[in-house]
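Read-outs: derived from the displayed coordinates by stated rules, not from any lab. Because the structure is a prediction, the values reported are computed rather than measured.
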Amino acid sequence: MNTTSAHGRPAAEPRRGPRHHRRATRALGAACAAALVATGAVAVAAPASASPGQNVTSLRDLEAEDLAATIAGRGITVRSATFSGNDVQAGRFSGMHDTGIARGVALTTGSLIDADPQSDADTDFSASALLGPNEKLTTTGDLGGRGSRALDRLVGETTYDAAVLTMRVVPSGNRLSLSYVFGSEEYAGWSEQDFADAFAIWVNGSPCSTVPRSRDLVSTATVNAATNAELYVENFAPNDPGAGTHDTELNAFTTVLTCEARVTPRRVSTVRVAVADTRDGQLDSTVLLGRDSLVSNKGKSKGKGPKADRDHRDHRGHGKVSYGGHSWWLYR
Ligand SMILES: [Ca+2]
Ligand SMILES: [Ca+2]
Ligand SMILES: [Ca+2]
């Protein structure tokens with residue numbers, strides 16, 4: 001396993017807060033606070049309602065096995081599934097056409113659902129990290145949750161509020177693939193200040209959520225307006241979350257990417273998806289997994305992925321594909 005930082009940042013770089021202290025709070029001054037003042041989109045705990053047609057059902061009403069069944073497509077038999085994290089951090093969603101994955105499973109370092117104002121237990125989050133539109137640049141579920149040791153080792157940071165879905169599956173062929181999108185509230189200024197949250201998909205212990213034609217892990221540090229920009233979808237204007245044209249709370253997100261791995265046919269493989277905050281528990285990062293997109297077949301697999309309006313991909317999975325009126329270039 002790669003144990004070096006995917007971000008290439010110096011270990012001695014000054015930090016904004018005591019990383020060992022769970023409740024270290026980021027001073028949301030500077031760019032983000034200015035943005036809130038400028039837009040009036042102040043972080044009042046007003047329950048944001050989802051845009052029409054968008055729905056999410058969290059693990060308050062589902063089991064981890066339901067999530068695995070949603071992701072599993074052709075050539076995959078699910079043996080078991082477990083989840084680690086708060087039950088509001090994972091669930092099933094639909095109607096998210098603008099993200100490139102309209103239906104599937106989401107994991108987040110915050111909450112997928114709005115807080116119930118009647119519940120005392122909901123005081124650490126207010127609004128969904130996923131459902132549109134983009135109302136704030138700083139949507140946060142600070143859940144006091146543990147991090148992931150595997151992500152700690154992988155990215156060289158202490159992590160918090162980890163959401164980890166682990167699935168034991170039996171693939172029919174020697175290839176396995178899974179379609180995903182990674183998005184974050186850390187986009188909009190904080191990722192450049194070393195607040196890149198941690199995310200990985202592993203197949204039998206090997207990370208596969210890498211930038212195409214590279215070994216770099218997908219994160220805010222490796223996919224953004226300046227780096228691998230062809231894989232990056234921005235959903236805000238400076239100081240203005242409402243200027244985003246994509247109907248999701250995510251400040252920015254990747255195009256639809258694919259994890260691919262070689263596996264042994266008819267033997268149990270372990271697929272693990274994990275996302276966690278780094279340095280503090282604030283500003284949510286979220287990963288979307290396409291419905292029926294965990295697939296296996298013989299030889300080269302480009303995955304089933306979410307159903308597209310138009311699909312001009314070639315046999316290698318290269319090409320242009322359109323979802324919900326938006327087009328994406330996919331690279332394999
Ligand atoms: Ca946002
Ligand atoms: Ca969090
Ligand atoms: Ca974060």
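For the stretch 279-296, just list the computed ³J(HN,Hα) in residue order, Karplus coefficients 6.51, -1.76 and 1.60, θ = phi - 60°, integers in Hz, with x standing in for Gly and Pro.
6, 7, x, 9, 6, 6, 10, 9, 10, 10, 10, x, 4, 6, 9, 8, 10, 9
So what's the gap between the Cα centers of the stretch 97-138 and the stretch 232-250, to the nearest angstrom?
15 Å
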